[in-house]
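Have a look at the structure below before the remarks.
The values are calculated or read from the model by the stated rules, or taken from the named source; none is laboratory data. Quick caveat, the model's predicted, so the values are computed rather than measured. Cβ placement follows ideal geometry from the backbone for every residue including glycine, while neighbour counts extend to all protein chains displayed.
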Amino acid sequence: MIRNIGLFGLFIVGLLCVLVPTNASSSLKQLEARPDAPGFTLRDLGGKPYRLKEFKGKVVLINFWATWCPPCRAEMPSLQRAWQKLQGEDFIVLAIAVNENPHAISKFMLAMSPSPTFTVLLDEHMDAARFWPLKGLPASFLLDRRGRVTYIMHGALEWDSPEVLDRIRSLVEEADVGATD
């Protein structure tokens, strides 16, 4: 896990961002054991707080990204298309901008066509990211309805590919047993 990453650590994460290939044929790595996701409270661009625990009972896609990361930028359109296809299916996307200022994120979002409609959260000081097993950016974690990490993806992915959408839908269709524990 990343702890007190500092400037050198941020450099390494940035370097990994460039070295981790954008590959449409990459796939989600399914975990045999489903560990509980580390909790967090982060704010969106409007200042509204979001707590991960509030989303128990839904399938959650957490995507750590940055505007300066080419693979992150490349996967954003497919993330938006997946969100559009899965809205209303007990599914939520939380795109967490790592070590970015709100102005840079807003400018990036406005420049995208179409602009993302999923939730974008700020992790300006890596308060949340340090507790997740990031190996570079982008890094994504797909949580089941109980808030357990079920799939991990390091690098960019075509989120709207039929294979990935089927995996997300299969998590949505799983029984909601214990989601309110």
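Going by the structure shown, is D127 surrounded by 15 or more Cβ atoms within 10 Å (Cβ to Cβ), at negative phi, more than 12 Å from the chain's Cα centre (by Cα) and acidic (D, E)? Reasoning before the result, please.
Values: surrounded by 15 or more Cβ atoms within 10 Å (Cβ to Cβ): no; at negative phi: yes; more than 12 Å from the chain's Cα centre (by Cα): yes; acidic (D, E): yes.
Considered against the rule, which asks whether it is surrounded by 15 or more Cβ atoms within 10 Å (Cβ to Cβ), at negative phi, more than 12 Å from the chain's Cα centre (by Cα) and acidic (D, E), D127 comes out as no.
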Against the condition modelled with pLDDT under 95, of a type in the set (S, T, N, Q) and over 17 Å from W68 (Cβ atoms), how does T150 come out, does it pass? no
What are the pairs, 6+ residues apart or on separate chains, where a residue within the stretch 147-175 that is free of Cβ contacts under 8 Å to residues at least 60 places away in the same chain has its Cβ under 8 Å from a residue that is buried (at least 20 other Cβ atoms within 10 Å of the Cβ)? E174/D144; E174/R145
Residues of the stretch 37-76 being polar (S, T, N, Q) and assigned to a loop (DSSP other than H, G, I, E, B), which ones? T67
Considering (1) touching a Phe, Trp or Tyr at 6+ places or on another chain (Cβ under 9 Å); (2) modelled with pLDDT of 95 or more; (3) among the small types (G, A, S), say which one G14 fails and leave the rest. (2)
Matching residues in the stretch 90-133 - criterion: being polar (S, T, N, Q) and in contact (Cβ under 8 Å) with a residue 60 or more places away in the chain: N99, S106, T119
With A128, A82 as the choices, which residue is within 19 Å of P49 (Cβ to Cβ), touching a strand residue (DSSP E or B) at 6+ places or on another chain (Cβ under 8 Å) and either at pLDDT below 95 or not hydroxyl-bearing (S, T, Y) (or both)? A128
Being in contact (Cβ under 8 Å) with a residue 24 or more places away in the chain, of a type outside the set (A, V, I, L, M), part of a helix (DSSP H, G or I) and surrounded by 19 or more Cβ atoms within 10 Å (Cβ to Cβ): is that true of Q84 here? no
One residue is enough: does the stretch 88-99 have a residue meeting the conditions modelled with pLDDT under 95, within 15 Å of D160 (Cβ to Cβ) and over 15 Å from the mean Cα position of the chain (by Cα)? yes
If you scan the stretch 98-145, which residues turn out to be touching a Phe, Trp or Tyr at 6+ places or on another chain (Cβ under 9 Å), within 14 Å of E75 (Cα to Cα) and in a loop (DSSP other than H, G, I, E, B)? P116, F118, L137, P138
